[in-house]
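Undergrad: Below you'll find the structure I mean.
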Amino acid sequence: MEQIAFIVLSGLALISALVVVFHRNQVISALALAGNLVAIAGFYMLLNAQFLALLQVIVYAGAIMVLVLFVIMLLNVAEEARSHDSSPIQRYLSPILAIVFVVALGAALFGSGSAEPFAPASDSFGTVDQVGISLFTTFFYAFEVISLLLVVAMVGSVLLAKRRL
Amino acid sequence: MPQGLEPILINAAKIFAIANALMASVAILTWIERRLSAIIQFRLGPNRVGPAGLFQPLADGIKFFMKEETIPADARKGVFIIAPFIALVSALTAFAVIPIGTQIEIAGRVIDLVILDLDGGLLVALAASSLGVYGIVCAGWASNSKYALMGGLRASAQMISYELALGLSIVGVLSVSGTLRPTEIVALQAGSPWQWNIFGGGWQLLGFMIFMVAGYAETNRLPFDMPEAESELVAGYHTEYSSMKFSMFFMAEYIAMITISGMAVTLFLGGYLTGIPALDTMGGILGALIQIGTFVTKVGFFLILFVWVRWTLPRFRYDQLMDLGWKRLFPLALLNLLVTALLVAFDIV
C-alpha cells in the first residue's frame with residue numbers, strides 16, 4: 001500500500017516539477033508547482049509527519065501559490081517575460097551551479113556515513129502536540145526570531161508597496 | 001475474505017455512503033432553496049414536477065445530462081476540463097473529517113461514523129477547502145473570457161482573505177478543547193447544551209459569529225458572492241461552462257455549504273449530541289440513529305439559514321467585502337483569540 005502510494009506520488013512530483021521548468025506558459029507552470037507541493041505533502045504524510053503535510057497544503061499550496069497565480073493572472077506577465085532574454089553569464093553559469101548543487105546534495109546523502117537505519121519514529125511523532133511542544137521548548141528562541149523576521153519582512157513589503165502612508 | 005481487505009472495504013462503503021448522501025442533500029437543497037426563495041419573494045416556485053415540486057431536482061439533473069457540452073474555442077482545454085473536478089473533489093474531501101455520530105454496529109462490526117479520524121482532522125478540512133479555490137481560479141483563467149477571469153481573480157483574493165478570519169476563529173475552539181481531532185472536540189461538549197462550545201463550554205459566541213460570516217465568504221454565497229455577481233460578471237468563473245461541468249461547480253458550492261455548516265455544528269454546537277445526556281449515551285442502533293438525526297437537523301438549520309440570508313440580504317461591494325474581512329473580522333478574531341487565551345490561562349473554561 002505504502003509502496004504504491006510512494007510510486008504514484010513520485011511520478012506526480014517528478015512530472016509536475018518538469019512541467020514547472022519546461023512549460024512556456026507561466027500559469028500552467030504555477031499550477032504544476034501547486035500540484036508538486038501537494039505531492040510533496042503526500043510524502044510527508046507517508047513519513048508520518050501529518051502536521052507538516054497538512055501545513056504544507058494549507059500554507060504553500062492553498063495560500064502562497066494562489067497568490068502567485070493571482071499576480072501572474074493580474075499582471076499578465078506572459079508576453080513581457082518571453083521577450084526578455086537572460087544575460088549570457090546567467091545562461092552559462094546556471095547549469096554549472098545546478099550541477100554543483102546536485103553533486104553537493106549527493107555527497108551529503110551518500111557520504112554522511114551513517115549506514116545504519118534510523119530508529120523507527122514513535123507513534124506520536126509528527127502530531128500537532130509533538131511539533132508544538134518542540135517548537136515552544138527546544139526551538140523556542142529560533143521560533144521567536146523567525147516570527148520577528150516575518151514581521152520585519154511584512155512591514156518592509158507594506159512600506160515598499162505604499163510609499164506614502 | 002482476507003483480513004487486510006475488510007477495513008478497506010468498510011472505508012470504501014463509508015465513502016460511498018457519505019458521498020451519495022451529500023449528493024442527495026444537494027438535490028434536496030436546490031428544491032428547498034427554490035421553494036423558500038419563492039416564499040420569501042411572494043412567488044410559488046417550482047411546484048409542478050411531483051408532489052409540491054419535489055421531483056424538480058431530478059428533472060434538473062436529467063436536463064443537465066442531456067444538455068450540450070460546450071468548450072470555448074480559445075479555452076485551455078486541459079485546465080478547463082479539470083477545473084470542475086478540482087472544485088468537486090476538494091469540496092467532498094473536506095467533509096470526510098466531520099463526525100456524524102460515534103459508532104454504529106452493523107452485522108457484528110463496529111463502524112465509526114466518520115470517514116477520516118485523524119489527529120490533525122480539522123486541518124484536513126481547511127486544507128481541502130483551501131485547495132478548492134484552484135477549481136475556481138483554473139475555471140476563470142482557462143475559459144479565456146474576461147468575466148470568468150475577473151470572477152476567478154475575485155474568488156482567489158476573497159477566499160485567501162477570509163481563510164484567515166475562518167482559521168483564527170477556529171483557533172479559539174481549539175485552545176478550549178486542546179485537540180484538533182473533531183471526534184474529541186464533539187466528545188468534550190457532552191452534557192447539557194450549556195456545555196457546547198458556543199455557550200458555557202467555551203464562551204465562543206464571537207468566534208462562532210466570525211466563523212459563520214467567514215464561512216459565507218468562503219463558500220461564495222450571498223451577501224459575498226462576488227466571484228459570480230450576475231449584475232457585473234454575467235455568471236463569474238462558470239460563465240463559459242455548460243451541462244454537467246456547470247452542474248459540478250454547482251454541486252461543489254452546495255457541498256461546501258454543507259461542510260461549513262457541519263463544521264460550525266461540530267465545533268460550536270455539540271456536533272451530533274442532542275444535549276440530553278440520556279439520549280447521547282444510549283448506544284445501539286437507535287442511539288446511532290438519534291445522533292445522525294441530530295446532526296442532520298442541526299446542519300439542516302444552518303443550510304436553511306444560508307438560503308434565508310441569500311434571499312434577504314443585498315450583495316456587498318467588492319471593496320466593502322475586503323474591508324470587512326481585513327479590518328473588521330480579522331481584528332475581531334484576534335480579540336476573540338486573546339480573550340479565549342485568557343479564559344484558558346485562568347482556568348475559567
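Each value in this text was obtained by applying a stated rule to the coordinates, not by laboratory testing. Computed from a prediction, not measured in an experiment: that's the story for all the values here. Note that each Cβ is placed from the backbone with ideal geometry, even for glycine, and that neighbours are counted across all protein chains shown.
Undergrad: Return the pair list, or none, for Cβ contacts closer than 6 Å from residues in region A:53-69 that are without any contact (Cβ under 8 Å) to a residue 60 or more places away in the chain and at the interface with chain B (Cβ under 8 Å from one of its Cβ atoms) to residues that are among the polar types (S, T, N, Q) and in a helix (DSSP H, G or I), at least 6 apart or on different chains.
TA: Correct list of pairs: A:ILE58/B:SER130; A:GLY62/B:SER130; A:VAL66/B:SER156.
Undergrad: If I go through region B:116-146 residue by residue, how many of them are more than 9 Å from chain A (Cβ to nearest Cβ) and outside any helix (DSSP H, G or I)?
TA: Within region B:116-146, residues that are more than 9 Å from chain A (Cβ to nearest Cβ) and outside any helix (DSSP H, G or I) number 5.
Undergrad: Can you pull out every residue in region B:42-65 that is assigned to a loop (DSSP other than H, G, I, E, B) and either on the phi > 0 side of the Ramachandran plot or exposed (fewer than 10 other Cβ atoms within 10 Å of the Cβ) (or both)?
TA: Matches in region B:42-65: B:PHE42, B:GLY45, B:GLY50.
Undergrad: Oh, and also: Restricting region B:226-273 to residues that are hydroxyl-bearing (Ser, Thr, Tyr) and more than 14 Å from the chain's Cα centre (by Cα), which is surrounded by the most Cβ atoms within 10 Å (Cβ to Cβ)? Before you say what the answer is, go through the steps one by one.
TA: Quick first cut of region B:226-273, residues hydroxyl-bearing (Ser, Thr, Tyr) only: B:231, B:237, B:239, B:241-243, B:247, B:254, B:259, B:261, B:266, B:272.
Subsequent filtering for residues that are more than 14 Å from the chain's Cα centre (by Cα) retains B:231, B:237, B:239, B:241-243, B:247, B:272.
Numbers: B:SER231: 6, B:TYR237: 33, B:THR239: 22, B:TYR241: 25, B:SER242: 14, B:SER243: 15, B:SER247: 21, B:TYR272: 27.
Per the stated criteria, the residue is B:TYR237.
Undergrad: Of the residues that sit in region B:66-84 and are assigned to a loop (DSSP other than H, G, I, E, B) and hydrophobic (A, V, I, L, M, F, W, C), which one is nearest to the other protein chains (Cβ to nearest Cβ)?
TA: B:ALA75
Undergrad: Restricting to helices (runs of 4 or more DSSP H) lying wholly in region B:200-276: which have 2 or more residues that are touching a residue at least 40 places away in the same chain (Cβ under 8 Å) and among the hydroxyl-bearing types (Ser, Thr, Tyr)? So that I can check it myself, show each step before the final result.
TA: On the way: elements: B:205-218, B:230-233, B:243-268.
Because the criterion is at least 2 residues that are touching a residue at least 40 places away in the same chain (Cβ under 8 Å) and among the hydroxyl-bearing types (Ser, Thr, Tyr), the helices (runs of 4 or more DSSP H) in region B:200-276 that meet it are B:243-268.
Undergrad: For residues in region B:155-165 being in contact (Cβ under 8 Å) with a residue 40 or more places away in the chain and within 10 Å of chain A (Cβ to nearest Cβ), which is surrounded by the fewest Cβ atoms within 10 Å (Cβ to Cβ)?
TA: B:LEU164
Undergrad: Then there is this: Just one of B:LEU168, B:LEU113, B:LEU205, B:LEU149 is surrounded by fewer than 24 Cβ atoms within 10 Å (Cβ to Cβ) and at the interface with chain A (Cβ under 9 Å from one of its Cβ atoms); which is it? So that I can check it myself, show each step before the final result.
TA: Numbers: B:LEU168 fails: at the interface with chain A (Cβ under 9 Å from one of its Cβ atoms); B:LEU113 fails: at the interface with chain A (Cβ under 9 Å from one of its Cβ atoms); B:LEU205 fails: at the interface with chain A (Cβ under 9 Å from one of its Cβ atoms).
The unique qualifying residue is B:LEU149.
Undergrad: Within the set of pairs 6 or more residues apart or between chains, which connect a residue that is within 22 Å of A:ILE28 (Cα to Cα) inside region B:55-76 to a residue that is outside any loop (DSSP other than H, G, I, E, B) and among the aromatic types (Phe, Trp, Tyr) with Cβ atoms less than 8 Å apart?
TA: Listed pairs, sorted by first residue: B:ILE71/B:PHE80; B:PRO72/B:PHE80; B:ARG76/B:TRP141.
Undergrad: Looking only at region B:277-301, filter to residues that are more than 16 Å from B:SER25 (Cα to Cα) and in contact with a Ser or Thr (Cβ under 8 Å, 6 or more places away or on another chain); which one of those is surrounded by the most Cβ atoms within 10 Å (Cβ to Cβ)?
TA: Taking the candidates together, the pick is B:GLN291.
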